[in-house]
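Encoded as structure tokens, the structure appears first; notes follow it.
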Amino acid sequence: VQLQASGGGLVQAGGSLRLSCVASGSTFGFKSVGWYRQAPGNQRELVATFGSSGNTNYADSVKGRFTISRDIARNTIYLQMNSLKPEDTAVYYCNADQYGWSRYNYWGQGTQVTVSS
């Protein structure tokens with residue numbers, strides 16, 4: 001599976017962005033699909049994911065501001081980011097984990113999100 005992320009950019013604090021990630025094949029039924037981010041000097045961290053049953057999981061820092069959604073027919077997942085803060089600045093990566101094994105854990109190329117104060 002190949003993942004192509006887009007939608008990043010520069011936005012002022014309080015603004016919004018919508019990220020998209022298109023998969024080359026279906027990710028329906030995967031153990032997890034979603035978004036991670038990595039800020040300079042920090043480890044990559046979970047932002048929001050779908051589990052295999054469709055349940056969602058959000059980082060505490062984005063709850064109430066970010067919403068993950070998906071279009072199964074288009075093999076696409078989205079991340080709507082509202083009320084952005086400077087601390088949301090990071091490279092955002094989409095991820096599709098098929099079985100929980102590293103061999104079947106796929107990453108997109110990342111898209112930069114910069115939030116100015």
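Before moving on, here are some points about what is shown:
- Given a 1.4 Å probe and the protein chains as shown, GLU87 ends up with an accessible area of around 120 Å².
- Note on SER117 and SER69: the extension gain reaches 14.6 nm, defined as 0.36 nm multiplied by sequence separation minus the Cα-Cα distance.
- Exposure of ASP60 as accessible area (Å², to 10), given a probe of 1.4 Å and all protein chains: 120 Å²
- Accessible surface area normalised per residue over the chain is 53 Å², counting heavy atoms of protein chains with a 1.4 Å rolling probe.
- Relative contact order computed over the chain (Cα-Cα under 8 Å; 6+ residues apart), in percent: 37 percent
- Rounded to the nearest 20 debye, dipole of region 1-105 from Cβ charges on Lys, Arg, Asp, Glu: 120 debye
- Whole-Hz couplings from phi, Karplus 6.51/-1.76/1.60, listed for region 37-53; x for Gly and Pro: 9, 9, 8, x, x, 10, 7, 5, 10, 5, 9, 7, 9, 9, x, 5, 8
- Surrounding net charge for GLY7, when Lys and Arg each add one and Asp and Glu each subtract one, Cβ distance under 15 Å: +2
- Whole-percent carbon and sulfur share, accessible surface of the chain, 1.4 Å: 45 percent
- Per-residue accessible area (protein heavy atoms, 1.4 Å probe) orders PHE28, PHE66 as PHE28, PHE66, starting from the largest.
- Over region 38-80, volume per residue of the alpha carbon convex hull, in Å³: 95 Å³
- Surface calculation, 1.4 Å probe, protein heavy atoms: LYS63 sits at approximately 120 Å² accessible.
- In region 34-98, taking the dipole from charged Cβ atoms about the Cα centre, the farthest positive-side position among LEU46, TYR92, ASN82 is held by ASN82.
- Under 5 Å, built H, 5+ apart or other chain: amide partners of GLY9: VAL113, THR114
The values are calculated or read from the model by the stated rules, or taken from the named source; none is laboratory data. Please read these numbers as outputs of a predicted model, since none were measured by experiment. Counting neighbours? That spans all protein chains shown, and the Cβs are built from the backbone with ideal geometry, glycine included. To get the accessible areas, we keep the full protein, side chains included, count just its heavy atoms, and leave off ligands, DNA and RNA. Shrake-Rupley method; radii C 1.70, N 1.55, O 1.52, S 1.80 Å.
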